[in-house]
2 protein chains.
Amino acid sequence: MLDTTGTLHKVDIGEFITEAGATIPNVTIAYQAWGTFHGNNLIVVEHALTGDSNVVDWWDGVVGPGKALDTDKYCVLCTNALGGCMGSTGPTSLAPDGNHWGSRFPALSIRDLVAAEKQFLDKVGVTQILAVLGGSMGGARTLEWTLLYPQLVNAALVLAVSARASAWQIGIQTAQISAIEQDPDWQGGDYYRTEATPHNGLAAARRIAHLTYRGELEIDERFGTTVQPGENPLGPYRDPHQRFAVQSYLDYQGVKLTERFDAGTYVTLTEAMNRHDIGRGRGGLNKALAASQVPTMIAGVDTDILYPYHQQEHLSRNLGNLLAMAKISSPVGHDAFLVECRQVSRIIRHFLTMADANGTDANMYFI
Amino acid sequence: MLDTTGTLHKVDIGEFITEAGATIPNVTIAYQAWGTFHGNNLIVVEHALTGDSNVVDWWDGVVGPGKALDTDKYCVLCTNALGGCMGSTGPTSLAPDGNHWGSRFPALSIRDLVAAEKQFLDKVGVTQILAVLGGSMGGARTLEWTLLYPQLVNAALVLAVSARASAWQIGIQTAQISAIEQDPDWQGGDYYRTEATPHNGLAAARRIAHLTYRGELEIDERFGTTVQPGENPLGPYRDPHQRFAVQSYLDYQGVKLTERFDAGTYVTLTEAMNRHDIGRGRGGLNKALAASQVPTMIAGVDTDILYPYHQQEHLSRNLGNLLAMAKISSPVGHDAFLVECRQVSRIIRHFLTMADANGTDANMYFI
């Protein structure tokens, strides 16, 4: 049933009911897959907040023939998350009445994203996952995979995330949502058939987010108080068009996101991150972690501001079946899980060696 | 000339010319002072971004009879910074044409705030400062005091700040300015005689700022994913009125600031922090620090996200006349310089012992 040529496919998975009880009829999940599917060689990669199913693009140092996620050996599959705007059903999609979902699209939890992905795998006939992995929002989904559907998952690799949203994460993520909702072009979330799009709000959200994705020292070493060429941020009157280099850099990051991503989707998926809590309804965080039986490897980044390394240490201390623990050492901060491909590849290769052994031969060890 | 009864006074210091060359006529600087002024017992306290001259209020654990800044012994003086809204000339003030300055108010640097304070001290006849101290923006001003007017300053204590704005600080501060400027009620900065005030924008700015003022672990320990009583942030549809406790807490912090502070002033002083760079025009950061001759003590907070402790270590390594170095150990983060009064008082007492000795007997030591 799986097309493994890398082509983007959209699969109708029928009705989906969210954790909070809302119904979404006619849900579509988009996917891409590479390699040959043998039935027991499926690796599911979970993308981060603004990611998509095209994992060979956004993780190109990690996925491909001969690479850590070796498409000569494994079948690597990546879906666009429910709520997304890259092929799966989300706020940008048309509701049954023919209008865009917009503000009517239900709130989602991380569990919803995973449950919809499970519904998709059922639909395409996949009954076994050799390994599931991902970072940030992808890591949160990976964790939920191990707790919602442990029978399907042979092993999991969780990168740069926490067991639940921290209060600080909720705070900074809410600031991003707020930046979008304050944009007059947001129009309460129902801008899809209007002349205006909340690009300013989305760009502002991204500028804030980007400061949590990057290490403070790395940004400072790159930009410091350097002035943007041709501009003078030290003039006699404040002028937002006269910028320091870091301001120009953040403006660029903001605008770049508006060219490829939707504001309503950003709100929906950020809200899902606010709701990330593997302890909910499971007797609390550590009880939920202790009950986990899927062999799980944890990795984090030493300079991560958004998901500080102590959060991965917390996971590793409390997980019921910890496979291994690894630290990515990088000035880059949170984004290191995307850009430090050498270290991440090494971690993935170790992980897959253990996952291939089905967890049985692998003693827990720290690499 | 100085009234030391704690009464708020406003002193006309005449025309002021900014570092970038703009002229502000008829500048007023507000001050309060306590204790008895002997000519050589003046301690100048520099307030932080949204502070004011009423230091016995916002630093009440530190200032007063018998306290670390002992008003039985010292004369403690605090001015409202130029650009402020608590008595000194700033965007809320009336320009010579009788209208509010608003968007016409010049951009200020940290050096401008210090130069205006110097102009004020000249006016009231003060020619010697036993000690100048402050944290955050107050620390930046303290540093500039030691470099602009070393002949006046016997000793300085710099808390929780850096030698210049880091790129990350510029980025997160610019996000705050942007939140204000995106508020339709901002009206380009000229809202003072209109029906609308950019409260929403200022509150949004404060919510972001507050997440940099507090330690991530402290906020998480206090709030975690606790739900605000009577609200349900996990319902089937996103609703900003259904909040986690941390969202309610940040909303409160935002609203509270709008009740006591002005948005235009916030932009002006935040812009001044963006321009903080003691190396500018002095041959660079470390050359400027090395040339410093005023005995200076540096202190920082171990969990400070905004001014990470390595920035105070940088200061201490490079200052030409380092008096001592101290670390405040606290989960609170940046705000610890305001709230950890026991530790801060201990640091100040050590500092003043050395400052009283005029720096001559005090060998550099670490407490």
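Annotations for the structure displayed:
- Selection status of B:Leu108, surrounded by 24 or more Cβ atoms within 10 Å (Cβ to Cβ), out of contact with any Pro (no Cβ under 6 Å at 6 or more places or on another chain), in the same structural domain as B:Ala22 (by TED's automatic domain parsing) and not in a helix (DSSP H, G or I): yes
- The number of residues in the stretch A:198-221 that are in a loop (DSSP other than H, G, I, E, B) and within 28 Å of B:Pro184 (Cβ to Cβ) comes to 1.
- Residue list for the stretch A:222-238, filter: part of a loop (DSSP other than H, G, I, E, B) and either facing another protein chain (nearest Cβ under 9 Å) or more than 14 Å from A:Tyr249 (Cα to Cα) (or both): A:Gly224, A:Thr225, A:Thr226, A:Gly230, A:Asn232, A:Pro233, A:Leu234, A:Gly235, A:Pro236, A:Tyr237, A:Arg238
- Pick from the stretch A:214-237, criterion crowded, with 21+ Cβ neighbours inside 10 Å and over 22 Å from B:Gly284 (Cα atoms), ranking: nearest to the chain's Cα centre (by Cα): A:Arg214
- Once the stretch B:164-190 is narrowed to residues that are more than 8 Å from chain A (Cβ to nearest Cβ) and crowded, with 22+ Cβ neighbours inside 10 Å, the residue that is farthest from A:Asn200 (Cα to Cα) is B:Gln169.
- Positions within the stretch B:51-73 being under 30 Å from B:Val267 (Cα atoms) and surrounded by fewer than 21 Cβ atoms within 10 Å (Cβ to Cβ), in sequence order: B:Asn54, B:Val56, B:Asp57, B:Trp58, B:Asp60, B:Gly61
- Subset of the stretch A:137-163 that is among the small types (Gly, Ala, Ser) and either within 14 Å of chain B (Cβ to nearest Cβ) or closer than 16 Å to A:Leu113 by Cα (or both) - its residue that is surrounded by the most Cβ atoms within 10 Å (Cβ to Cβ): A:Ala140
- A count restricted to the stretch A:240-254 and to residues that are at the interface with chain B (Cβ under 8 Å from one of its Cβ atoms) and not in a helix (DSSP H, G or I) stands at 2.
- Taken over the stretch B:95-119, the criterion of being without any contact (Cβ under 8 Å) to a residue 60 or more places away in the chain and of a type in the set (Gly, Ala, Ser) is satisfied by B:Ala95, B:Gly98.
- When B:Ile305, B:Ile278, B:Ile347, B:Ile328 are checked against the criterion of being in contact with a Ser or Thr (Cβ under 8 Å, 6 or more places away or on another chain) and of a type outside the set (Asp, Glu), B:Ile305 stands alone in meeting it.
- Selected residue [farther than 22 Å from A:Val45 by Cβ and either among the aliphatic types (A, V, I, L, M) or assigned by TED's automatic domain parsing to the domain that holds A:Glu46 (or both)] from A:Ser292, A:Ser329: A:Ser329
- Flag for B:Thr92 being part of a loop (DSSP other than H, G, I, E, B) and hydroxyl-bearing (Ser, Thr, Tyr): yes
- The set of residues in the stretch A:291-322 being of a type in the set (Ser, Thr, Tyr), out of contact with any Asp or Glu (no Cβ under 9 Å at 6 or more places or on another chain) and surrounded by fewer than 24 Cβ atoms within 10 Å (Cβ to Cβ) consists of A:Ser292, A:Ser316.
- Some residue of the stretch A:266-278 being in contact with a Gly (Cβ under 7 Å, 6 or more places away or on another chain), at pLDDT 95 or above, away from chain B (no Cβ under 13 Å) and closer than 30 Å to A:Ile180 by Cα: no
- Test: residue in the stretch A:30-45 that is under 17 Å from A:Ser136 (Cα atoms) and in contact with a strand residue (DSSP E or B) (Cβ under 9 Å, 6 or more places away or on another chain): yes
- Residue identified as over 16 Å from the mean Cα position of the chain (by Cα) and either more than 30 Å from A:Trp186 (Cα to Cα) or of a type outside the set (S, T, N, Q) (or both) among A:Gly300, A:Gly333, A:Gly320: A:Gly320
- Each residue in the stretch B:11-57 was checked for being within 29 Å of A:Gly235 (Cβ to Cβ) and not in a loop (DSSP other than H, G, I, E, B), and 16 of them qualify.
- Checked against (1) without any contact (Cβ under 8 Å) to a residue 24 or more places away in the chain; (2) surrounded by 24 or more Cβ atoms within 10 Å (Cβ to Cβ), B:Thr79 meets all criteria but (1).
- Qualifying residue in the stretch B:157-172 (condition: without any contact (Cβ under 8 Å) to a residue 60 or more places away in the chain and out of contact with any helix residue (DSSP H, G or I) (no Cβ under 6 Å at 6 or more places or on another chain)): no
- In the stretch B:117-136, residue surrounded by the fewest Cβ atoms within 10 Å (Cβ to Cβ) [restricted to those that are of a type in the set (A, V, I, L, M) and in contact with a strand residue (DSSP E or B) (Cβ under 7 Å, 6 or more places away or on another chain)]: B:Val124
- Check on A:Ala288, buried (at least 18 other Cβ atoms within 10 Å of the Cβ) and touching a Lys or Arg at 6+ places or on another chain (Cβ under 8 Å): yes
- Candidate set from the stretch B:185-197 (those that are outside any loop (DSSP other than H, G, I, E, B) and touching a residue at least 40 places away in the same chain (Cβ under 8 Å)); member that is farthest from B:Phe261 (Cα to Cα): B:Gly188
The values are calculated or read from the model by the stated rules, or taken from the named source; none is laboratory data. Bear in mind that the values here come from a model prediction, so they are computed numbers and not experimental data. Please note: Cβ atoms are built from the backbone with ideal geometry, for glycine as well, and neighbour counts cover all protein chains shown.
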